[in-house]
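Below is one structure, written out as structure tokens; comments come after it.
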Amino acid sequence: MTFIKNISNTGTDEDLVALYKAEGDMQVLADLYQRYMDLIYGVCLKYMKDPEESKDCVLNIFEELVVKLKKYPVDHFKAWLYQLSKNHCLMKLRKIKNLPRHIDSDLVHLEETVHLNAVMEKEHHFSIMEDCISKLVKEQREVIELFYLKEKCYKEIAGTTGLDPNKVRSFIQNGRRNLKICMDKTMAAQA
């Protein structure tokens with residue numbers, strides 16, 4: 001149990017998702033969910049426009065998460081949870097408004113199309129980003145991956161790479177700048 005407690009406090013989202021799927025430990029899920037409760041509340045408030053209704057949604061989304069997280073593959077928990085929260089609110093609004101069936105199906109089709117376009121655009125940006133990351137010099141690439149993709153702090157990166165913390169900071173700043181330049185050029189060329 002101590003092992004699970006340590007992971008749930010310090011593990012990455014991916015570690016906690018895997019642990020929850022394997023063990024079904026509600027405390028692990030609660031710890032993971034706690035990280036994003038403010039984000040979820042913000043999403044709910046944006047759609048529901050009512051603080052009390054939004055709080056209810058936050059609780060209902062957790063209940064939904066208990067089942068759906070085990071059921072679906074999740075690569076990027078934060079993005080997946082955001083989409084789950086948004087869909088929950090839209091479904092609730094649909095029920096509240098009790099729209100006629102043909103309007104409701106048109107909305108579902110429109111939402112699916114918008115969602116699919118957004119997913120495809122994100123995938124395209126991820127593809128460009130991966131390509132641009134691979135073009136960075138070795139040290140920049142390594143610290144960018146550790147900092148942004150593995151969510152490591154400067155101190156952890158310095159420990160892992162053996163680099164001075166000031167060098168880590170410098171490589172992250174320069175890598176981020178070079179990554180942005182590469183992505184901007186690539187996207188402009190494709191436009």
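Computed from the coordinates by the stated procedures, all read-outs in this text should not be read as laboratory data. Source: prediction; values computed, not measured. Cβ placement follows ideal geometry from the backbone for every residue including glycine, while neighbour counts extend to all protein chains displayed.
General observations
- In order along the range 39-56, the Karplus-derived 3J(HN,Hα) couplings, from 6.51 cos²θ - 1.76 cosθ + 1.60 at θ = phi - 60°, round to 4, 5, 4, x, 4, 4, 5, 4, 8, 7, 6, 9, x, 5, 5, 5, 5, 4 Hz, and Gly and Pro are given as x.
- Compared with the alpha-carbon gap, the fully stretched path from residue 130 to residue 46 is longer by 27.1 nm at 0.36 nm per residue.
- Under-5 Å amide H pairs with residue 152, H placed in peptide plane, nonlocal only: 147
- Placing pseudo-labels 7 Å out from each Cα toward the beta carbon at residue 75 and residue 173 gives an inter-label distance of 3.3 nm.
- Global dimensions of the range 1-98 from alpha-carbon coordinates: Rg and Dmax equal 14.0, 48 Å.
- Near the amide H of residue 36, within less than 5 Å, lie no amide hydrogens of residues on another chain or at least 5 residues away, with H placed in the peptide plane.
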